[in-house]
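What follows is a set of notes on a single structure, which appears directly below.
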2 protein chains.
Amino acid sequence: MNQSMKFCTSCASPLNIRLPQGDNRERHVCSECGEIHYQNPKIVTGCIPEWEDRVLLCRRAIEPRHGFWTLPAGFMENGESAQQGAARETMEEANARVRIVQLYATFNLPHIDQVYMLFRGQLLNADFSPGEESLETCLYEESEIPWDELAFAVVRETLVHYFSDRKQGAFVPRVGDINRLPGAGRDYQVTML
Amino acid sequence: MNQSMKFCTSCASPLNIRLPQGDNRERHVCSECGEIHYQNPKIVTGCIPEWEDRVLLCRRAIEPRHGFWTLPAGFMENGESAQQGAARETMEEANARVRIVQLYATFNLPHIDQVYMLFRGQLLNADFSPGEESLETCLYEESEIPWDELAFAVVRETLVHYFSDRKQGAFVPRVGDINRLPGAGRDYQVTML
């Protein structure tokens, strides 16, 4: 539970953590007006930008994982579709235009309350450049992917399936869970549906 | 934007709606501590519970759409995967146990800031009964589906694709957008990816 949630957004009174009537888990409930402040997972939407036999990666100019490579992706916004969000993030992070063609990878990250939705996106042309949140943008063939410098497990897992599927000649949508293992390291466990 | 968000959850000071530095859309920003209160789409996770050639529907005991039929589904919770949430909702609404086998339908509903993720789920046995939020639960063959008494467009669209795919012998994951059309009615427009 988010411990920084202390006051009601509607009336500014203190929040209590308690079980609302008819509910089966504790929520932040206003001590005065009774409003229940739910917290739910966020969607991170992004894409695998394709150009011939290469994919476009971005080197991160922001934390977390400054300097590491990632697929363009970010939090989905209210009022847009996940596809629109994926194209928007690709424009923001790589100044690149894509046509979204398939929802390819859906990954749950329960330890950080996120769900990644990563689409395949066809680059409309070879124009791209780093956006404000990127240091570099680069098209990589499979053999050139900087596997040891990828920012996130979800990026690695998605790219592994992606290149495997491309060899097979068919992109099969994937769904999986990524759980961070206990300890200070970056070890994780993947379970595919 | 949620107009009921007036006060900061961290310090109870008034929120202003303004463009944070480096951002490209207006947010609720605290006038005192500067905290940005983001709002993002919520995931509704659920399943198509399968038993032989039938699917399990629930008649809603709650608003909206009290008395209409739906697939078991509800807001995904922090700390769970979408698959776990789909199985949990099936237990809560229909007292039924399922094995989740495939992410079948993903629908954006941008007008209400929701993304539906509907899985195929195999019922482990034929034991089911209405949960607290259901009036009735019933297994339906395709010819028996109460098409005119379905609660939501997303349920109708998912079932149409589902039965069509079953005739073809292969379930192809679907992604689409459902937009409510202007006016007081329930008319909507569907765009599939």
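Of the residues examined, A:Thr9 is one that is part of a loop (DSSP other than H, G, I, E, B) and β-branched (Val, Ile, Thr). Annotation: A:Ser4 fulfils all but one of (1) surrounded by 14 or more Cβ atoms within 10 Å (Cβ to Cβ); (2) small (Gly, Ala, Ser); (3) at the interface with another protein chain (Cβ under 8 Å from one of its Cβ atoms); (4) under 29 Å from A:Phe107 (Cβ atoms); the unmet one is (1).
Given A:Ile17, A:Ile43, which one is in a strand (DSSP E or B) and at the interface with chain B (Cβ under 7 Å from one of its Cβ atoms)? Break it down stepwise before answering.
On the way: A:Ile17 fails: at the interface with chain B (Cβ under 7 Å from one of its Cβ atoms).
Matching residue, one of A:Ile17, A:Ile43: A:Ile43.
Of everything in the range B:147-173 that's touching a Leu at 6+ places or on another chain (Cβ under 8 Å) and not in a helix (DSSP H, G or I), which residue is farthest from B:Cys47 (Cα to Cα)? Step by step, filter the range B:147-173, then rank; the result is B:Leu150. On inspection, B:Val190 qualifies as without any contact (Cβ under 8 Å) to a residue 40 or more places away in the chain and either crowded, with 17+ Cβ neighbours inside 10 Å or more than 9 Å from chain A (Cβ to nearest Cβ) (or both). When the range A:58-116 is limited to residues that are buried (at least 24 other Cβ atoms within 10 Å of the Cβ) and farther than 19 Å from B:Val175 by Cβ, the one that is farthest from the other protein chains (Cβ to nearest Cβ) turns out to be A:Trp69. Using the structure shown, decide if A:Cys33 is more than 19 Å from A:Ser129 (Cβ to Cβ), more than 16 Å from the chain's Cα centre (by Cα), in a loop (DSSP other than H, G, I, E, B) and facing another protein chain (nearest Cβ under 9 Å). For A:Cys33, the condition - more than 19 Å from A:Ser129 (Cβ to Cβ), more than 16 Å from the chain's Cα centre (by Cα), in a loop (DSSP other than H, G, I, E, B) and facing another protein chain (nearest Cβ under 9 Å) - is not met.
A quick yes/no check of all residues on (1) modelled with pLDDT under 95; (2) under 11 Å from the mean Cα position of the chain (by Cα); (3) of a type in the set (Lys, Arg):
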residue	(1), (2), (3)
A:Phe75	no, yes, no
A:Asn78	no, no, no
A:Gln84	no, no, no
A:Thr90	no, no, no
A:Glu93	no, no, no
A:Arg99	no, no, yes
A:Ala105	no, yes, no
A:Leu118	no, yes, no
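Output the residue which, of all residues in the range B:157-176 that are crowded, with 19+ Cβ neighbours inside 10 Å and of a type in the set (D, E, K, R), is farthest from the chain's Cα centre (by Cα). Among those residues, the one meeting the criterion is B:Arg174.
Would you mind stating whether A:Asn179 is over 15 Å from A:Ile48 (Cα atoms) and at pLDDT 95 or above?
Numbers: over 15 Å from A:Ile48 (Cα atoms): yes; at pLDDT 95 or above: yes.
For A:Asn179, the condition - over 15 Å from A:Ile48 (Cα atoms) and at pLDDT 95 or above - is met.
From A:Ala73, A:Ala61, which residue is of a type in the set (A, V, I, L, M), in contact with an Asp or Glu (Cβ under 9 Å, 6 or more places away or on another chain) and closer than 14 Å to A:Leu103 by Cα?
Working: A:Ala61 fails: closer than 14 Å to A:Leu103 by Cα.
The match here is A:Ala73.
Taking B:Glu132 as meeting all but one of (1) at the interface with chain A (Cβ under 8 Å from one of its Cβ atoms); (2) surrounded by 15 or more Cβ atoms within 10 Å (Cβ to Cβ), write down the number of the exception. Among (1) at the interface with chain A (Cβ under 8 Å from one of its Cβ atoms); (2) surrounded by 15 or more Cβ atoms within 10 Å (Cβ to Cβ), the lone unmet condition for B:Glu132 is (2).
Among the residues here, A:Arg59 qualifies as among the basic types (Lys, Arg) and in contact with a helix residue (DSSP H, G or I) (Cβ under 9 Å, 6 or more places away or on another chain).
Let me confirm something: among B:Phe152, B:Phe119, which residue is in contact with a Pro (Cβ under 9 Å, 6 or more places away or on another chain), among the aromatic types (Phe, Trp, Tyr), surrounded by 15 or more Cβ atoms within 10 Å (Cβ to Cβ) and touching a residue at least 12 places away in the same chain (Cβ under 8 Å)? Let's see the steps before the verdict.
On the way: B:Phe119 fails: in contact with a Pro (Cβ under 9 Å, 6 or more places away or on another chain).
Result: B:Phe152 is the single residue among B:Phe152, B:Phe119 that is in contact with a Pro (Cβ under 9 Å, 6 or more places away or on another chain), among the aromatic types (Phe, Trp, Tyr), surrounded by 15 or more Cβ atoms within 10 Å (Cβ to Cβ) and touching a residue at least 12 places away in the same chain (Cβ under 8 Å).
Residues in the range A:19-57 that are at pLDDT 95 or above and among the basic types (Lys, Arg) were compared, and the one that is surrounded by the most Cβ atoms within 10 Å (Cβ to Cβ) is A:Lys42.
The values are calculated or read from the model by the stated rules, or taken from the named source; none is laboratory data. A quick note: this is a predicted structure, and the numbers were derived from the prediction, not measured. Using ideal geometry, Cβ is built from the backbone for each residue, glycine included, and neighbour counts are taken over all protein chains shown.
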